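Everything on this sheet refers to the single structure shown next.
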Amino acid sequence: MEKSIMWKYIYEQPDTLKRLMESGQVSELAQKLRLGEIRSIIFAASGSSLNAAKVSQKFYEEYAGVSVYTETPLQFMRRTGKGVCCRDNTLVIAISQTGTSSGTINAIHKAKELGLRVLTITERENTAVHILGDYYLNFMCGLEDCNAKTKGYSSSLILLWQLAIAIGKAKGILDEQLINRITDEIRQSIYDIPATIEETLRWIDGHKDWSKIEHVFVTGHGINYGTAEEGMLKLTETMCIPATLCETGEFAHGYHRAAGRDSNVISILTDEQGYEDLVKIDSYLSGRINRLLVINASKVRYDNPDYINIACRPITASALNIAVALQVIATCLPELNGRDPNMPSNNELTDILSVRV
């Protein structure tokens, strides 16, 4: 079978993200938008764009000093003026990689009705989402002609991190030394991508039976709860199987009852709060369930065939490379069964619901 086009996009990520880091478009935005006055941010997005916003939330709260709300467009449409404390200091960030999401477009119109400023972020210029915004940033990743996004997700993540740093700098929360530390780690994470791809392929080579799974459970904590959500979405999109998501701290509050010999669990392990609990969960599940994969980005390296060890990047909790590992898994497993991870599946539903304009 011919390899999926998704591989091309996965391997393009290092060069794409390096260009994005050096583009300077966030600095240009800072000259137009008074970043230092932003007190709250509302993200309105769907799918991978929403997951990237969730992963970025800690950056905005800790390094930019803003309150953050991550909402689907439908959730945002329920907002009223009473829910906005200060319009002048609130920014809506509407994200749509293609720029054609009807839900995101509706959310932008709603934001304008509420008197809120809108920053739009897309990969495609001159689309409805781009045109409707007051301010604009571009993913700079080029066209990604597939259902399950890879380089677009990574690009949005880097761009959102850059914006958070710029806001923190404008407010005086971040000094140059800390900015350099954060930026250097993001750059190093980009350089880590080829090694992450290689390590993930090594794991797949020894675990081809994962291609036969009919359900998968993904769990993570901290920043990477959002990454777990993205991993669940990727596996659902490419393998066309049901998937379940759980935050580490909630696993023993009912979810654990479903763990059995037929269970397949992907666990995301980092040094963030929740590390010790997840180590205990993984130890308990090992030998009790059908398959366990631990994507490990903690300081501790595990010599275990069921682990994918990737570089520990503490500031970002290795979120970029954990996502890359999940992208590789989601692309490779269907191909082991002779299936295109980008094959059509219930595509008519998106037309019925007018998901895109």
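The values are calculated or read from the model by the stated rules, or taken from the named source; none is laboratory data. Predicted model only: the values in this text are computed from it and were never measured. Positions of Cβ are backbone-derived with ideal geometry, glycine not excepted, and every protein chain shown enters the neighbour counts.
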_closer than 19 Å to Lys54 by Cα and either crowded, with 17+ Cβ neighbours inside 10 Å or modelled with pLDDT of 95 or more (or both): which single residue out of Ala195, Ala166, Ala170 fits that description?_
Ala166
*Would you mention how many residues in region 331-357 are surrounded by fewer than 23 Cβ atoms within 10 Å (Cβ to Cβ), at pLDDT 95 or above and of a type in the set (A, V, I, L, M)?*
1
*asked:* Test of understanding: among Asn342, Asn321, which residue is within 23 Å of the chain's Cα centre (by Cα), under 30 Å from Trp7 (Cβ atoms) and assigned to a helix (DSSP H, G or I)?
replied: Asn321
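Within region 65-73, is there a residue that is in contact with a strand residue (DSSP E or B) (Cβ under 9 Å, 6 or more places away or on another chain), in contact (Cβ under 8 Å) with a residue 60 or more places away in the chain and surrounded by 17 or more Cβ atoms within 10 Å (Cβ to Cβ)? Spell out how you get there, then give the answer.
The first filter runs over region 65-73 and keeps only residues in contact with a strand residue (DSSP E or B) (Cβ under 9 Å, 6 or more places away or on another chain), leaving 66-73.
Then keep just the ones that are in contact (Cβ under 8 Å) with a residue 60 or more places away in the chain; that gives 66.
Narrowing further to those that are surrounded by 17 or more Cβ atoms within 10 Å (Cβ to Cβ): 66.
Yes; the residues of region 65-73 include at least one that is in contact with a strand residue (DSSP E or B) (Cβ under 9 Å, 6 or more places away or on another chain), in contact (Cβ under 8 Å) with a residue 60 or more places away in the chain and surrounded by 17 or more Cβ atoms within 10 Å (Cβ to Cβ).
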*Could you please find all residues in region 17-56 being of a type in the set (S, T, N, Q), closer than 21 Å to Asn180 by Cα and surrounded by fewer than 22 Cβ atoms within 10 Å (Cβ to Cβ)?*
Ser23, Gln25, Ser27, Gln31
*Among the residues of region 291-332, how many are closer than 15 Å to Lys234 by Cα and either of a type in the set (Val, Ile, Thr) or outside the structural domain of Lys280 (by TED's automatic domain parsing) (or both)?*
5
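Determine which member of the set Asp209, Asp145, Asp184, Asp134 is assigned by TED's automatic domain parsing to the domain that holds Tyr11, surrounded by fewer than 16 Cβ atoms within 10 Å (Cβ to Cβ) and not polar (S, T, N, Q).
Of the residues listed, the single one that is assigned by TED's automatic domain parsing to the domain that holds Tyr11, surrounded by fewer than 16 Cβ atoms within 10 Å (Cβ to Cβ) and not polar (S, T, N, Q) is Asp145.
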_Residues being closer than 17 Å to Asp277 by Cα and either small (Gly, Ala, Ser) or touching a residue at least 12 places away in the same chain (Cβ under 8 Å) (or both) - total across region 218-254_ = 17
*Among the numbered conditions (1) charged (D, E, K, R); (2) surrounded by fewer than 17 Cβ atoms within 10 Å (Cβ to Cβ); (3) over 18 Å from Ala317 (Cβ atoms), tell me where Asp271 comes up short.*
(3)
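Here is a yes/no grid of residues against (1) within 28 Å of Glu185 (Cβ to Cβ); (2) polar (S, T, N, Q):
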residue: Lys32; (1), (2): yes, no
residue: Gly36; (1), (2): yes, no
residue: Ser40; (1), (2): yes, yes
residue: Ser56; (1), (2): yes, yes
residue: Tyr60; (1), (2): yes, no
residue: Val66; (1), (2): yes, no
residue: Glu71; (1), (2): no, no
residue: Thr80; (1), (2): no, yes
